[in-house]
Every structure is written in C-alpha cells, then in structure tokens.
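**Q** One structure follows; several queries about it will come next.
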Amino acid sequence: MIREVVAEVWSLFLGRFWRTLLIVLLLLAPLELGLAIVDPGFASFAPGWWAWVGITSLIAQVAFPWAIGALVHDVAEGDRTAAEPYARTWDRLPDLIMSSLVAAVGAALGLVAFVVPGLILFARWTLIVPAIVLEHMPWRAALGRSNELVRGRTAAVLGIFALLTLTAVPLVAVPVLVGYLVLEGVLGAWLAALALNTVIIAFYSYAPFVLHRRLAS
C-alpha cells in the first residue's frame with residue numbers, strides 16, 4: 001500500500017504541477033509576501049514582531065487548511081479556474097479551520113507527552129479534509145470518520161507521509177538555497193517560503209485524497 005500511494009501522489013504532483021502552483025500561489029503569494037516584508041530582525045514584542053506573528057498565524061491556521069481543501073476539491077471535481085476551488089470550499093472553511101486547530105493541538109500535546117501518541121493522532125486524522133470537503137461533514141464528524149478509515153492502517157499512513165517528507169527535502173532544497181543564499185532579502189525569503197509551502201500543501205492534499213479514495217470506497 002505504501003509504495004502504491006506514494007507513487008500515485010507523485011504522479012498527481014507531477015501531472016498537476018502548474019495547476020497546483022497556480023492554486024496555491026493565488027492564496028499564499030500575497031500572504032507570504034507580507035510575511036517576508038515584516039519579518040523582523042526587530043526586537044521581540046516590537047510592532048513588527050506582532051505583525052509577523054499575526055500573519056504567520058493567519059497562514060498556518062486559515063490559509064493552509066483552505067488551500068489544502070481547495071486542492072482536494074480541485075483534484076476530485078476538476079474545477080474550471082484556479083479560483084473556483086476556493087469559492088466551492090468557502091462554506092467549509094470554518095470546519096477546515098476548526099479541524100486544523102484541533103488536530104494541531106491534539107498532535108502537539110501527544111508529542112509533548114509521548115512521541116508515539118502524537119504520531120498516532122496525526123495518522124488517524126489525516127483524512128479530515130477529504131471528509132469535510134468531499135463528504136460535507138462537520139469537523140467533529142470528520143475527526144471520527146478519518147479515525148475510522150485509518151484504523152488498522154496507522155503504521156502504513158505514517159510510512160507514506162515519512163516517505164513523502166523525505167522526498168520533498170531535495171525537491172525544495174534548490175529554490176530554498178537560491179532564495180536565501182543568492183537572492184536574499186525579501187524576494188529570497190518569499191521565493192523560499194512559496195517553494196516550501198507549495199510542496200508541503202501539495203503532498204498534504206494529494207496524499208489524503210488518494211488515501212480517502214482508496215479507503216472510503
């Protein structure tokens with residue numbers, strides 16, 4: 001299962017690369033530019049520091065879940081334009097945000113207490129977004145649905161994401177190095193962040209989509 005899912009995720013990523021890039025950049029490019037501009041070499045708690053914290057929180061807890069939900073919808077439904085998957089998932093945004101918060105807090109607490117419970121929660125809740133976007137479930141029901149689908153396959157799901165993470169490292173290494181070591185400044189930080197986030201969002205969209213299609217059928 002691990003090899004087949006990873007191969008299918010890579011096939012989607014390569015085949016839909018420009019489409020994925022366009023959808024992700026539509027939402028994240030202006031936010032990441034703002035983050036790069038205010039990124040403080042300032043003292044902590046200075047006004048610029050609070051702006052940086054605010055934009056970072058907005059990206060992590062609102063933009064990321066929405067972009068992932070949009071990509072899942074786009075690959076499943078074949079939306080016509082890059083903006084359409086955002087419009088079609090607008091009504092699911094509150095559930096996407098809540099599920100992201102709950103999953104992040106639960107996994108973080110599990111990792112702080114013991115590493116294994118955090119990893120188990122991460123694996124069990126990986127299918128929340130497809131449950132919300134494709135099955136139109138509220139976030140609480142989506143947590144249970146994801147847990148139900150992944151149960152008995154936790155180790156395999158962890159293996160899939162571990163492999164995807166390892167293969168993502170060389171993929172983003174060049175644009176990140178170019179951004180920080182060659183271009184530098186705001187433009188370099190912006191390019192590096194967009195490259196990194198595009199790959200992360202793509203893998204964290206297509207892997208749950210592929211798993212959900214296999215396990216929910």
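The values are calculated or read from the model by the stated rules, or taken from the named source; none is laboratory data. A quick note: this is a predicted structure, and the numbers were derived from the prediction, not measured. A quick note on method: Cβ atoms are made from the backbone with ideal geometry, for glycine too, and the neighbour counts reach across all protein chains shown.
Here is a yes/no grid of residues against (1) modelled with pLDDT under 95; (2) over 15 Å from the mean Cα position of the chain (by Cα):
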{"position": "I23", "(1), (2)": "no, no"}
{"position": "L27", "(1), (2)": "yes, no"}
{"position": "P30", "(1), (2)": "yes, yes"}
{"position": "V38", "(1), (2)": "yes, yes"}
{"position": "F45", "(1), (2)": "yes, yes"}
{"position": "G54", "(1), (2)": "yes, yes"}
{"position": "Q61", "(1), (2)": "yes, no"}
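**Q** If you go through region 159-175 one residue at a time, do you hit one that is in contact (Cβ under 8 Å) with a residue 60 or more places away in the chain, assigned to a helix (DSSP H, G or I) and touching a Ser or Thr at 6+ places or on another chain (Cβ under 6 Å)?
**A** The initial filter retains those residues of region 159-175 that are in contact (Cβ under 8 Å) with a residue 60 or more places away in the chain, namely 159-160, 163-164, 167.
Next, only the ones that are assigned to a helix (DSSP H, G or I) stay: 159-160, 163-164, 167.
Those still in the list that are touching a Ser or Thr at 6+ places or on another chain (Cβ under 6 Å) too: none.
No, that holds for no residue.
**Q** Further question on the same structure: Yes or no: region 128-147 includes at least one residue that is surrounded by 17 or more Cβ atoms within 10 Å (Cβ to Cβ), modelled with pLDDT under 95, among the aromatic types (F, W, Y) and under 15 Å from the mean Cα position of the chain (by Cα).
**A** No, that holds for no residue.
**Q** Could you list, in sequence order, the residues of region 135-149 that are within 22 Å of R88 (Cα to Cα) and either of a type in the set (D, E) or part of a helix (DSSP H, G or I) (or both)? Lay out the reasoning, then the answer.
**A** Step one: list which residues in region 135-149 are within 22 Å of R88 (Cα to Cα), which gives 135-143, 145-146.
Within region 135-149, E135, W139, R140, A141, A142, L143, R145, S146 meet the criteria.
**Q** Mind checking which residues of region 73-98 are hydrophobic (A, V, I, L, M, F, W, C), in a helix (DSSP H, G or I) and surrounded by fewer than 24 Cβ atoms within 10 Å (Cβ to Cβ)?
**A** Here is the first cut: in region 73-98, the ones hydrophobic (A, V, I, L, M, F, W, C) are 75-76, 82-83, 87, 90, 93, 96-98.
Next, only the ones that are in a helix (DSSP H, G or I) stay: 75-76, 87, 90, 93, 96-98.
Those that are hydrophobic (A, V, I, L, M, F, W, C), in a helix (DSSP H, G or I) and surrounded by fewer than 24 Cβ atoms within 10 Å (Cβ to Cβ): V75, A76, A87, W90, L93, I97, M98.
**Q** Additional query: Checking the condition at pLDDT below 95, of a type in the set (A, V, I, L, M, F, W, C) and on the phi < 0 side of the Ramachandran plot, which residue from A83, A108 passes?
**A** On the way: A83 fails: at pLDDT below 95.
One residue alone meets the criteria, A108.
**Q** Next question, about the same structure. Any idea which residue in region 171-217 is surrounded by the most Cβ atoms within 10 Å (Cβ to Cβ), counting only those that are at pLDDT below 85 and hydroxyl-bearing (S, T, Y)?
**A** That would be Y180.
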